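Before any comments, here is the structure.
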Amino acid sequence: EAAVTQSPRNKVAVTGGKVTLSCNQTNNHNNMYWYRQDTGHGLRLIHYSYGAGSTEKGDIPDGYKASRPSQENFSLILELATPSQTSVYFCASGEGGPYYAEQFFGPGTRLTVL
Amino acid sequence: GDSVTQTEGLVTVTEGLPVKLNCTYQTTYLTIAFFWYVQYLNEAPQVLLRSSTDNKRTEHQGFHATLHKSSSSFHLQKSSAQLSDSALYYCALPNTGYQNFYFGKGTSLTVIP
């Protein structure tokens with residue numbers, strides 16, 4: 001059974017609209033992450049969280065907000081979606097720490113902003 | 001700052017021939033582990049290899065990599081590429097706080113018959 005799930009899997013939004021991408025993990029990991037993936041740029045970190053109630057800015061946070069209401073759930077929010085935010089978004093969970101454990105990725109959400 | 005460099009964006013190799021994907025890194029901090037992730041078409045990235053020991057060869061699924069701290073490299077190699085190896089490959093290392101990864105930009109490997 002998949003440990004990191006994302007919804008929706010595909011989303012078409014209009015410019016200026018609000019978009020919420022959801023992520024749920026059953027790994028009981030403290031850390032969760034949101035990435036976007038674009039050809040030529042690889043995986044870029046948008047926001048991450050160390051636990052419920054915490055959110056931190058990643059490398060490209062502009063235009064995005066994040067929310068971590070519980071250990072299991074981590075949302076990415078686009079308040080005013082723009083066509084430049086058309087991308088594939090991946091959520092991941094991981095333990096972090098000196099003996100660095102891997103990150104486990106969800107299946108991805110393909111977002112198209114028209 | 002810390003970074004990971006994958007010099008090839010696209011690599012095409014004929015089935016049965018060897019393949020090498022390059023990864024070099026820059027870090028000013030003691031880094032415990034290095035990773036290669038693989039992403040097959042329409043799937044999520046997943047760990048292929050990890051290594052934390054200098055000059056020790058690590059193998060998985062026919063691929064191998066050796067961490068060389070003296071040259072700041074962690075190249076991925078396979079002696080005989082298979083069609084099923086066609087995928088996107090990412091090199092990654094933890095950041096100084098050990099809470100996040102630095103990912104390279106990825107190398108798309110295509111194996112042709």
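The values are calculated or read from the model by the stated rules, or taken from the named source; none is laboratory data. A quick note: this is a predicted structure, and the numbers were derived from the prediction, not measured. Note that each Cβ is placed from the backbone with ideal geometry, even for glycine, and that neighbours are counted across all protein chains shown. For the accessible areas, the whole protein counts, side chains as well, though only heavy atoms, and no ligand, DNA or RNA atoms are used. Shrake-Rupley method; radii C 1.70, N 1.55, O 1.52, S 1.80 Å.
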Ordering of A:75-85, B:100-110 by packing [mean C-beta count within 10 Å, highest first]:
B:100-110, A:75-85
Relative contact order of chain A (C-alpha contacts under 8 Å, at least 6 apart) in percent is 35 percent
Where both residues lie in segment A:4-113, what percent of DSSP beta bridges are antiparallel, nearest 5?
90 percent
Counting pairs of alpha carbon atoms under 8 Å apart in space and at least six apart in sequence, what relative contact order in percent does segment B:3-112 give?
37 percent
What length, rounded to one decimal in nm, is gained on full extension from B:Thr5 through to B:Glu43, with 0.36 nm per residue of separation minus their alpha-carbon distance?
11.4 nm
If you take the square roots of the eigenvalues of the alpha-carbon gyration tensor of segment B:19-86 and sort them as a ≥ b ≥ c, do you get rounded (a/c under 1.5), prolate (a/b over b/c) or oblate?
prolate
Need one value for A:101-109: mean number of C-beta atoms belonging to other chains within 10 Å of its residues' C-beta atoms.
5
Evaluated over segment A:4-113, the Cα radius of gyration and Dmax, each in Å
13.1, 43
Proximal charge balance of B:Leu67 [Cβ under 12 Å; K/R count +1, D/E count -1]:
+3
Over the protein assembly as shown, average the accessible area per residue using a 1.4 Å probe and give it in Å², no decimals.
46 Å²
Within a Cβ distance under 15 Å of B:Gln99, other residues only, what is the Lys/Arg minus Asp/Glu net charge?
-3
Shielding by other protein chains, A:33-45, mean Cβ within 10 Å
4
Lysines whose Cα lies under 29 Å from that of A:Lys11, excluding same-chain neighbours fewer than 8 positions away:
A:Lys57, A:Lys65, B:Lys105
Which whole number gives the average, over all residues in B:99-110, of C-beta atoms from other chains lying within 10 Å of the residue C-beta?
5
The protein assembly as shown: Cα Rg divided by the 2.2 N^0.38 Å rule of thumb
1.02
